[in-house]
Amino acid sequence: MESRKEHWEKVYATKQPNEVSWTQELPKTSLDFVHSFNLPKTAKIIDIGGGDSRLVDYLLDEGYENISVLDISEKAIDRAKQRLGDKATKVNWVVSDVTEFHPTTQYDCWHDRATFHFLTNADEINTYLNTARQAVSGYMAIGTFSDKGPKKCSMLDVHQYTEQELQQQLNNGFEKIKCVTEDHTTPFNTIQNFLFCSFKRNPN
């Protein structure tokens, strides 16, 4: 059976941004959540499953100085580096499955749009949450498919979340700030309903 890494390397090797459903020219909801945390430009921000998302472009343009992008696919990260050109040297690039990620620092902001919902068994979900508890000292913004969203993405099963369920998963260590749902229009003009929530790290 094809591994998760093999799957994503193949996706990024064979498809352009206009051929995958998650492409966003302007990641507005993600930026709104990052801005809502009122972080200094020196804050440590990590984008989990960032792939070749443009969030890093906007954060660099806004003057954030300490950005990391993690993705399972080396090809996705190579694509982002090529797009950014010289600016790519300002970013800490991490090629890793999030469930095998061992952070050596703590982050003021952990952003994840559409990685968490690909974790469909309890062990993987718990590993992710344990890593987040170790790695996050400030805030988390997490976007998943809502219960009105797709059941599959990129031919893989996903776990849909209600606000209550996502809050329950993060109860140990995180306090919910707010949630919004939004319709994401894919490059092929289909609609995917996302749930986006922000959380504050709660040391208790």
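The values are calculated or read from the model by the stated rules, or taken from the named source; none is laboratory data. The structure displayed is predicted, hence computed values, not measured ones. Glycine also receives a Cβ, built like all others from the backbone with ideal geometry; neighbour counts cover every protein chain displayed.
Taken as a whole, the structure places PHE194 among residues that are modelled with pLDDT under 95, in contact with a strand residue (DSSP E or B) (Cβ under 7 Å, 6 or more places away or on another chain), crowded, with 19+ Cβ neighbours inside 10 Å and not in a loop (DSSP other than H, G, I, E, B).
Among residues of the range 139-160 being at pLDDT 95 or above and in contact with a helix residue (DSSP H, G or I) (Cβ under 7 Å, 6 or more places away or on another chain), the one that is nearest to PHE33 (Cα to Cα) is ALA141. The set of residues in the range 67-126 that are in contact with a Gly (Cβ under 9 Å, 6 or more places away or on another chain), of a type in the set (Ser, Thr, Tyr) and modelled with pLDDT of 95 or more comprises SER68, TYR107.
Exactly one residue out of GLY63, GLY51 is out of contact with any Gly (no Cβ under 8 Å at 6 or more places or on another chain), assigned to a loop (DSSP other than H, G, I, E, B), more than 19 Å from GLN192 (Cβ to Cβ) and at pLDDT 80 or above, and it is GLY63. So in the range 6-34, with the set limited to residues that are under 16 Å from the mean Cα position of the chain (by Cα) and in a helix (DSSP H, G or I), which one is modelled with the lowest pLDDT? The qualifying residue modelled with the lowest pLDDT is TRP8. Among the residues of the range 69-90, those identified as surrounded by 19 or more Cβ atoms within 10 Å (Cβ to Cβ), out of contact with any helix residue (DSSP H, G or I) (no Cβ under 6 Å at 6 or more places or on another chain) and within 13 Å of ARG54 (Cα to Cα) are ILE77, ALA80. Of everything listed in (1) over 19 Å from PRO27 (Cβ atoms); (2) loosely packed, with under 15 Cβ neighbours inside 10 Å; (3) of a type outside the set (S, T, N, Q), the single unmet condition for GLU124 is (2). Only one of the listed residues (PHE37, PHE33) is out of contact with any Asp or Glu (no Cβ under 9 Å at 6 or more places or on another chain) and either surrounded by fewer than 22 Cβ atoms within 10 Å (Cβ to Cβ) or in contact (Cβ under 8 Å) with a residue 12 or more places away in the chain (or both). That residue is PHE33.
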